[in-house]
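> Questions regarding the structure given below will be posed in turn.
The values are calculated or read from the model by the stated rules, or taken from the named source; none is laboratory data. Source: prediction; values computed, not measured. Accessible surface is based on the protein model in full, side chains and every heavy atom, while ligands, DNA and RNA are left aside. Shrake-Rupley method; radii C 1.70, N 1.55, O 1.52, S 1.80 Å.
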Amino acid sequence: MSLFETTNWAPKLQPIIDLYKDKKHPLDYENLYQLMVMVILSAQDSDANINKIAPALFKEYPI
């Protein structure tokens, strides 16, 4: 059975949730706006570099 042939996703996703539930996200964000912007930027650079530039970016462009 394919993951996409079901509407009952919870049991199929539970192993992934269990594996990562206590892990810190590599991006240092304070809210969902920052997370969204940082995820988009991280496609172009490393998470470490995005974390370095984020404070200046969000000071200039707050919510």
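> Compute the accessible area per residue over the chain, keeping the other protein chains in place, probe 1.4 Å, unit Å².
Working: 5380 Å² over 63 residues.
Value returned for the chain: 85 Å² of accessible area per residue.
> I've got another one for you. Relative to the longest principal axis of the chain, what angle (0 to 90°, nearest 10) does the C-alpha long axis of helix 9-20 take?
Compared with the principal axis, the helix lies near 50 degrees.
> Over the Cα atoms of the chain, each weighted equally, I'd like the Debye log10 I(q)/I(0) at q = 0.13 Å⁻¹, rounded to two decimals.
-0.52
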